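What follows is a single structure, written as structure tokens, with notes after it.
The values are calculated or read from the model by the stated rules, or taken from the named source; none is laboratory data. Note that the structure is a prediction, hence the values are computed from the model and not measured. Cβ placement follows ideal geometry from the backbone for every residue including glycine, while neighbour counts extend to all protein chains displayed.
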Amino acid sequence: MSMVMIGLEIHAQITALNSKLFCSCRGNYRDLRPNSNICEICCGLPGSLPIINQKAIEYSTMTSIALGCKVPDKIMFYRKNYFYPDLPKNFQITQYNVYGISSIGIEGKYELDDAKQIRISRIQLEEDPGRIVYSEGGMNVRNTALIDYNRAGVALIEIVTEPDFTGPKEVRQFLNKLSLTLEHLGVCDTLLEGSVRCDVNVSMNGGNKVEIKNINSFKEVEKAINYEITRQSSVYNRNLNIELETRHWDDKKKITFKARSKEEEHDYRYFPEPDIPVIVLGSDFVSNLKQRMPELPNQRFERFILKYKLSEHTSNILINDKKLADFFESTLKLHFSPTEIANILVTDFKSLIEDDTESTDYLKNLKVKPEHIAELAKLIEGNKISRITAKDILVKIFESGKLPSEVVNSSNSYKIADEKTIMDAVQSVFDTEKSAVEDAKKNREAINFLLGKVMKFTNGRADPKIAMRLINSKLSAPEKQ
Amino acid sequence: MTKLDDLLAYEVVEGLTEGHFTAEEYVISILKRIEEVEPKVHSFITLDTEGALSSAKIIDKKIREKEDIGQLAGVTVGIKDNISTQGIRTTCASKILENYVPTYDAAVIRNLKENGAILLGKLNLDEFGMGSTTEYSRYHPTHNPWNLDYVPGGSSGGSGAAVAAGECTVALGSDTGGSIRCPSSFCSVVGLKPTYGRVSRSGLISYANSLEQIGPICRSVKDLVMILNIISGKDAMDNTSMPSSPITVPNKSNKLNVAVIKELITGSDQEVAKSVFSATEKFQEIGFSCEEVSIKNLHYALPSYYTLASAEASSNLARYDNIRYGFDYPIGEYKWDTYFSNVRENFGEEVKRRILIGSYVLSSGYYGKYYLKARRLRSLLRLELLTLFKKYDLLIGPTMPILPFKFGEKIDDPIKMYLVDVNTVIANLAGIPAISLPIGFSNGLPIGLQIMAAPFEEQKLIDASYELEKVIHIQRRPNSI
Amino acid sequence: MISKEDLEHLAQISRINLTENELEKFPKQLDKTIEYIDILEELASDDSVNLDLQELTFEELRMDEISMSDDKQLNKNITEDGFLRGPKMK
Ligand SMILES: [Zn+2]
């Protein structure tokens, strides 16, 4: 059995910000004409100075708190010096944890579902570089890089863990939980393309650490780790040494490949950024922020159980999809019936939207709104429709966006509570399902089959309680001669 | 009456307001003067004749229409060519920025324009401000108006010479280690390096951000105050700028306590020391108390300055890779890093030396040995000076330890060149204000007195300078041109 | 002492080509400069000294608001699509 140690270095954009980290250009650079979202600061014109965004400090502090980090009273920025065409100043403004003053978060702990703790070494606030598009084809452009600085200067939170993961599953759990936390904090919409990136380091059996860079979504991380473990195992089994190296993840071929060694020879020549004074957060900053901070997934989970009396299972399903949980709570504001509404959402509702949850705004685009679900729950509780009918109605609402009452009216779906009508249905079932009736007389469990038939006969509209009572009484009644 | 081109700034504003002459007449007189002396002095890199004339016409129109013309109306200002001017080429006297036209104005330029000042053009300097003679300009050296065989000092040599020669009413320079005060001393004009943070650096093309400030160079203390008050203040585009109160002149001043820094006297040429002594006597005659003090950490100031300035410069100048702006150098078939190195070969020798030294002192392994020690010295020196300022209002000494020297005298020995900054770097390291005031001549070569005060105590500097200026009558216009 | 290799390494990380003349005279000149700043070694390393001149409070920082001008920031080597054309990457 081999021992695997994995550490992560995660970059998450603060997509919640209006503006960039050091200038007033748009934080949302997506879908804009190249180089149209730039100013003298973010494209590094001579003489321009970084002007730090207050809100970025706030969001990164909240993230640090959520990941159990200490937040110091004073923070500082550093310059990381290296040349690359996507870097307008040929240095990156970031943070660095030496010589006294630290980055926004240090020495954190984050718990996985099985109570295993992952140590967070540090959390840093830094700027994103621009983007290089490698042009393909065309004689004139083949040899040049096409650069777009629209992204340059967007605020990034870098989260660095200790190598505490022992396998890809733990990593997946961590990343899922982290995404959820970032989403709850409103810091990062992790489903936006390019909003999260991950570098991974993997070492096995106490061997050298291999760093894998360029993993551009959380989903790919597990694949890259699996590939790397297999690769390292085979090297190990052949009694060869695992090299200390940097590799890149190729997300088309799904393999890691060795980076050219030259790129590893970095001496970043860090030094304090002279254009940004030390920022004094003050001793009350963290405690004040904690009070204003959005609820974290764990807190919300506990609240759902305590306040709404939901089961752990149901709460979990809701919490794990923040937008669904938000939808749930908006519905409660219209009609406070947690169990019924949660039930609709985690079963029928969720199965109807399942295919869609990848897109970031799937709930916004739905025709179904909290109003619909609230009304649906009322109809069920008022015994106006049966649960089975409710599902069909939901399908119709999804398609038409009509209110449940309208659908019920037009399709004549109200629940049948009239004993006479139900009795007629029971009678016809008894007439056609003779052998099942005989079975049910001997074995009471077969009754459910008969109930199902009655429900089907009434298109799910019969009140199941009444139907059950009638079936029971009919079964025990002496047979007609 | 004085010739039009010899008027001081406050006389220009008065003359205009009272209708003695028009702004256009005044600007034409200055342009004539430039035409006359520029072939000998070579202060300018770029002259904006048309811009100056059209600004003058606008002011004249405003006067006719009785509109507000601003506190500096009609005052012609020469701008050191490392301060960004929208639409006017800004070269830093470097080949690398030969074709660079800023898209934005430096904060100080905005301030000047808003107050009716007329921009004349861009003045010569040592490339990126690195040097003490203007011999390192990639265009041409500037000549000292008092003796054309001598250097005007630097790096703001163009500013010092232009003001002394009457090519502009006032000028802006920048001072990283003495770059305003050195040419002020060598050209017999008044120059101030303000307290760090008093004047916004937004748009000043960085050489060493933590040390430098923009400041005025003028022919009188009163002029200097006019400019200083206009360019001072907290600016949203510079996180290191700070609010300050305006200076008044003449000011009802107390008798001040002055201390002469012993080491600066003993390190100076005899002629220079003699001149400083007689200035000291003048101070005593007007009722100031004069003592002698010693600065313990002075010995380490210059090495510390060169370490920090080079470190910051190596990073600041990394952005000049010529892909966003710069000079004509086709991309061709070069790979990006080869292209960068080729392009950057076009820095001048001194700039290259400082970049290399900067990279060296920041390299891993050397950071603690040089950079950190230099930072520490800086703090110690500041503390020591602040302690002295509890006892004394002002610290004085010669601005330059030597008289102006001839071209070529020091250019082949970098250390010899660095040593001329030994008196001036103190104020930059400590972030305190320092002024250079003309106090006499030796063989026709100017001598300047440096006065330093505690942070934001510019008023005291000005009070002392104004009093001294009144009792020392210095010839204002050189005979040689 | 700065060797020729040291100099070449420094030039490489600084992305600067040196001329023949500079390769010739820089080692000696840089040596002298480094020798000059070596005096800093005499200073004790003491972490108790506060190294920073300036501080900003959280309240003084920029509000998160968008403000953009229409000015073109980049003027050269722009493709029809708006990309900046740079040198080749490989
Ligand atoms: Zn911007």
Out of segment C:53-73, which residues are of a type outside the set (A, V, I, L, M, F, W, C), loosely packed, with under 14 Cβ neighbours inside 10 Å and within 16 Å of the ligand (Cβ to nearest atom)? C:Glu65, C:Ser67, C:Ser69, C:Asp70, C:Asp71, C:Lys72
So A:Asp86 clears everything in (1) surrounded by 23 or more Cβ atoms within 10 Å (Cβ to Cβ); (2) within 16 Å of the ligand (Cβ to nearest atom) except one condition, right? Which one? (1)
Please give the number of the condition A:Tyr227 fails out of (1) surrounded by fewer than 15 Cβ atoms within 10 Å (Cβ to Cβ); (2) touching a Ser or Thr at 6+ places or on another chain (Cβ under 8 Å); (3) of a type outside the set (Lys, Arg). (1)
Kindly provide the set of residues from segment B:306-335 that are within 14 Å of chain A (Cβ to nearest Cβ), farther than 18 Å from A:Gly44 by Cα and part of a helix (DSSP H, G or I), ordered by number. B:Thr307, B:Leu308, B:Ala309, B:Ser310, B:Ala311
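Residues checked against (1) of a type in the set (D, E, K, R); (2) farther than 20 Å from B:Ile96 by Cα:
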position	(1), (2)
B:Glu291	yes, yes
B:His299	no, yes
B:Tyr305	no, yes
B:Asp321	yes, no
B:Asp328	yes, no
B:Asn342	no, no
B:Val351	no, no
B:Gly358	no, no
Within segment B:160-254, which strands (runs of 3 or more DSSP E) (wholly inside it) include 2 or more residues that are more than 15 Å from the chain's Cα centre (by Cα) and more than 23 Å from B:Ile481 (Cα to Cα)? none
Of (1) in contact with a Pro (Cβ under 7 Å, 6 or more places away or on another chain); (2) more than 27 Å from A:His184 (Cβ to Cβ); (3) within 14 Å of the ligand (Cβ to nearest atom), A:Leu32 satisfies every one except (1)
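Quick one: is A:Ile65 surrounded by fewer than 24 Cβ atoms within 10 Å (Cβ to Cβ), of a type outside the set (Lys, Arg) and within 16 Å of the ligand (Cβ to nearest atom)?
The answer is no for A:Ile65.
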Sole miss for A:Lys74 among (1) surrounded by fewer than 20 Cβ atoms within 10 Å (Cβ to Cβ); (2) over 21 Å from A:Ile120 (Cβ atoms) is condition (2)
Among the candidates B:Ser210, B:Ser155, B:Ser202, which residue alone is more than 24 Å from B:Gly326 (Cα to Cα), in contact with a Ser or Thr (Cβ under 9 Å, 6 or more places away or on another chain) and buried (at least 24 other Cβ atoms within 10 Å of the Cβ)? B:Ser210
Selection over segment B:305-338 where residues are hydroxyl-bearing (Ser, Thr, Tyr) and more than 25 Å from B:Thr103 (Cα to Cα) yields a count of 6
Within segment B:336-352, the residues that are within 24 Å of A:Lys80 (Cβ to Cβ) and either surrounded by fewer than 17 Cβ atoms within 10 Å (Cβ to Cβ) or more than 10 Å from chain A (Cβ to nearest Cβ) (or both) are B:Thr338, B:Val343, B:Phe347, B:Val351, B:Lys352
Only one of these is at pLDDT 90 or above and under 22 Å from the mean Cα position of the chain (by Cα): A:Glu220, A:Glu193, A:Glu158. Name it. A:Glu158
Looking only at segment A:92-120, and only at residues there that are surrounded by 20 or more Cβ atoms within 10 Å (Cβ to Cβ) and hydroxyl-bearing (Ser, Thr, Tyr), the one that is nearest to A:Asn81 (Cα to Cα): A:Tyr96
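I want to confirm something. Restricting to segment B:281-332 and keeping residues that are among the β-branched types (Val, Ile, Thr) and surrounded by fewer than 23 Cβ atoms within 10 Å (Cβ to Cβ), which single residue is nearest to A:Pro85 (Cα to Cα)?
B:Ile331
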State which residue pairs qualify: first residue at the interface with chain B (Cβ under 7 Å from one of its Cβ atoms) and inside segment C:8-30, second residue small (Gly, Ala, Ser) and in a loop (DSSP other than H, G, I, E, B) in any location, beta carbons under 9 Å apart, and separation of 6 or more residues or different chains. C:Leu10/B:Ser363; C:Ile13/B:Ser363
So, B:Leu419, is that one within 14 Å of another protein chain (Cβ to nearest Cβ), buried (at least 21 other Cβ atoms within 10 Å of the Cβ) and of a type outside the set (Asp, Glu) or not? no
For segment A:15-29, give me each residue that is more than 7 Å from chain C (Cβ to nearest Cβ) and either more than 12 Å from the ligand (Cβ to nearest atom) or of a type outside the set (A, V, I, L, M, F, W, C) (or both). A:Thr15, A:Ala16, A:Lys20, A:Gly27, A:Asn28, A:Tyr29
Pair list, Cβ under 6 Å, 6 or more apart: segment A:35-47 residue more than 7 Å from every other protein chain (Cβ to nearest Cβ), other residue within 7 Å of the ligand (Cβ to nearest atom) and part of a loop (DSSP other than H, G, I, E, B): A:Asn37/A:Cys25; A:Ile41/A:Cys23; A:Cys42/A:Lys20; A:Cys42/A:Cys23; A:Cys42/A:Cys25; A:Cys42/A:Gly153
Out of the residues in segment B:456-481 that are more than 22 Å from B:Met226 (Cβ to Cβ) and of a type outside the set (Val, Ile, Thr), which is surrounded by the fewest Cβ atoms within 10 Å (Cβ to Cβ)? B:Asn479
Only one residue in B:Asp48, B:Asp81 is modelled with pLDDT of 95 or more and farther than 15 Å from B:Leu172 by Cα. Which one? B:Asp48
From A:Ile51, A:Ile93, which residue is within 15 Å of the ligand (Cβ to nearest atom), touching a residue at least 12 places away in the same chain (Cβ under 8 Å) and assigned to a loop (DSSP other than H, G, I, E, B)? A:Ile51
Over segment A:127-155, the set of residues at pLDDT 90 or above and of a type in the set (Gly, Ala, Ser) is A:Gly130, A:Ala152, A:Gly153, A:Ala155
Residues satisfying the stated conditions in segment A:143-176, i.e. of a type outside the set (Gly, Ala, Ser) and within 16 Å of the ligand (Cβ to nearest atom): A:Ile147, A:Asp148, A:Tyr149, A:Asn150, A:Arg151, A:Val154, A:Leu156
